[in-house]
Amino acid sequence: MRDRLDRLVTEMVERGILYEDALRAFERVFLSKVLERAGGNVSEAARELRIHRNTLSRKMVEHRLGK
């Protein structure tokens, strides 16, 4: 997995993707996958992420992830 991550980061750097944009994209995809795994249950996803449900809800609005 680490090799895949290294290749992805190298590709992003070579394409000139900004750090802030990379973080935002990663967070959106990561949260989407955890929410999908939790069947859309925000409380369950927040527990899995070990963040407060309100924090996850705020991030969902930020990233326009449906409830």
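For segment 1-40, the solvent-accessible area works out to 92 Å² per residue, with a probe of 1.4 Å and every protein chain left in place. Computed on the Cα trace of the chain, the radius of gyration divided by the Kirkwood hydrodynamic radius gives Rg/Rh = 1.05.
Around the Cα centre of the chain, unit charges on the Cβ atoms of Lys, Arg, Asp and Glu (plus for the first two, minus for the last two) sum to a dipole of about 340 debye. Rounded to the nearest whole Hz, the Karplus-based 3J(HN,Hα) values (6.51 cos²θ - 1.76 cosθ + 1.60, θ = phi - 60°) of segment 9-20 follow the sequence 4, 4, 4, 5, 5, 4, 7, x, 6, 6, 3, 4, with x at glycine and proline.
The values are calculated or read from the model by the stated rules, or taken from the named source; none is laboratory data. What you are looking at is a predicted structure, and each value in this text was computed from that prediction instead of being measured. All Cβ positions, even for glycine, are placed from backbone atoms using ideal geometry, and neighbour counts span all protein chains on display. Surface areas here come from the heavy atoms of the whole protein model, side chains and all, with no ligands, DNA or RNA. Shrake-Rupley method; radii C 1.70, N 1.55, O 1.52, S 1.80 Å.
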